[in-house]
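Comments concern the structure below.
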Amino acid sequence: MERPEFNQIKDYDEFCKYYWYREELIKICKGLGLKASGSKIELNDVIKAYFAGEKILPEKKRVNRSKSTVKELTLDTGLIECGFTFGNRFRGFYEEQTGVKPFKFNVDMVASAKAVKETGDESFTLGDLLDIYYGKRTYAKYDKSALQWNKFVKDFCGDDATKIYDERLKAAASLWKIVRDSDMKKEYSHELFEKYKDSITS
């Protein structure tokens, strides 16, 4: 089944049958005058609310503070207050807190810091972000649906039958387009390949 235009979709259940890129969700939300920022999960929530008759409107732009004047970082320092980034200053701070060197921010820390900045949550601290690192709390989860395409390509290339293509990435993209624009599961299988191999271009 071909994916219909958004304005032809009747309800959220039907909407969920199809794959949408984040850029498409942003365009849909902007076209409806709704909040059009955030992860795919957040944008999906905006569209879910829209189908339920609720409008989540764009937030008013906050004035960005100039460079932080916070000299000493503590666990009680606010993320927004100190102008948090994923740079060396904050990596060093978390290396001291955890004893892990080199320290790497995990995907849920990245998603949470982004959400804090987007919502302007001034109560969220560096200590809260450390709790997310240790799994003691959640704030915003990494959007794992963004990995569907990566897994699809990996599984496609892992199937010996697809070795017939010189440009396997291009062939995978051709098959992915068929799956993406349908209500099929967004997963690769050999059966899927056999069914659509005559439609694959590479």
Problem set entry | Lys/Arg +1, Asp/Glu -1 at C-beta; the range 144-199 dipole; positive extreme among His190, Tyr165, Ile178 | Ile178
Exercise. What residues have an amide H closer than 5 Å to that of Thr125, excluding those fewer than 5 places away on the same chain, when H is modeled at 1.01 Å from N in the peptide plane?
Worked result: Leu79
Seminar exercise, completed: Here, Ile41 and Glu191, labelled 7 Å along Cα→Cβ, have an inter-label distance in nm of 3.0 nm
Exercise. How large is ³J(HN,Hα), in whole Hz, for each residue of the range 176-193 in order, when computed from phi with the Karplus curve 6.51 cos²θ - 1.76 cosθ + 1.60 and θ = phi - 60°, using x for Gly and Pro?
Worked result: 4, 4, 4, 5, 4, 8, 10, 9, 6, 4, 8, 9, 8, 8, 5, 4, 4, 4
Exercise. In debye, nearest 20: dipole of the range 6-51 around its Cα centre with unit charges on the Cβ of K, R (+) and D, E (-)?
Worked result: 120 debye
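If each residue of separation counts as 0.36 nm, what is the full-extension length gain between Tyr12 and Leu147 once their alpha-carbon separation is subtracted? Write down the numbers at each step before the final one.
Values: separation 135, 0.36 × 135 = 48.60 nm, distance 2.20 nm.
My answer for the length gained is 46.4 nm.
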Exercise. Looking at the range 106-162, which trypsin sites (Lys or Arg not before Pro) are in a loop (DSSP not H, G, I, E or B) and have at most 16 other Cβ atoms within 10 Å?
Worked result: Lys136, Arg137, Lys141
Problem set entry | Distance from the range 31-60 to the range 84-128 (C-alpha centre basis), Å | 26 Å
Problem set entry | Stretch gain in nm, segment Val70-Glu95, where the contour uses 0.36 nm per residue and the Cα spacing is subtracted | 7.1 nm
Problem set entry | Low-density loop cleavage sites - chymotrypsin sites (Phe, Trp or Tyr not before Pro) in the range 104-202, where at most 10 other Cβ are within 10 Å (DSSP) | Tyr134
Problem set entry | Over 20 Å (Cα to Cα) - which of Lys48/Lys114; Lys71/Lys136; Lys40/Lys197; Lys17/Lys186 fall in this group | Lys48/Lys114; Lys71/Lys136; Lys40/Lys197
Problem set entry | Cα centre as origin, Lys/Arg/Asp/Glu Cβ charges: the chain dipole, Debye | 600 debye
Seminar exercise, completed: Quick P(r) readout (the range 6-51; Cα-Cα; 10 Å bins; whole %) gives 29, 66, 6
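Taking the convex hull of the alpha carbon atoms in the range 144-199, what volume per residue do you get, in Å³? Mind dumping the intermediate values first?
Values: hull volume 4.3 nm³, N = 56.
Per-residue hull volume (Cα only) is 76 Å³.
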Exercise. If only Cα atoms are counted, what is the Rg of the range 63-142, and what is its Dmax, in Å?
Worked result: 11.8, 35
For this session: Determine ³J(HN,Hα), in whole Hz, for all residues of the range 105-118 in sequence, where each value follows from phi through the Karplus function 6.51 cos²θ - 1.76 cosθ + 1.60 and θ = phi - 60°; x replaces Gly and Pro.
Result: 6, 7, 5, 6, 5, 5, 5, 5, 4, 5, 5, 4, 5, 5
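Asn106 to Lys177: extension gain in nm, 0.36 nm per residue of separation minus the Cα-Cα distance? Could you put the intermediate results ahead of the total?
On the way: separation 71, 0.36 × 71 = 25.56 nm, distance 3.04 nm.
Full-extension gain reported as 22.5 nm.
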Problem set entry | Under the Debye formula (equal points on every Cα, no solvent term), log10 I(q)/I(0) of the chain at q = 0.11, 0.13 Å⁻¹ | -0.72, -0.89
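I need to check one value: relative contact order of the range 6-51, counting alpha carbon pairs closer than 8 Å and at least 6 residues apart, in percent. Can you show the working numbers first?
Values: 30 pairs, mean separation 16.1, N = 46.
Once normalised by length, the contact order is 35 percent.
Every read-out reported here was derived from the displayed coordinates using simple, explicitly stated rules and does not represent laboratory data. Being a predicted model, the structure only gives us computed values, none of them experimental. Neighbour counts run over all protein chains shown; Cβ positions are idealised from the backbone, glycine included.
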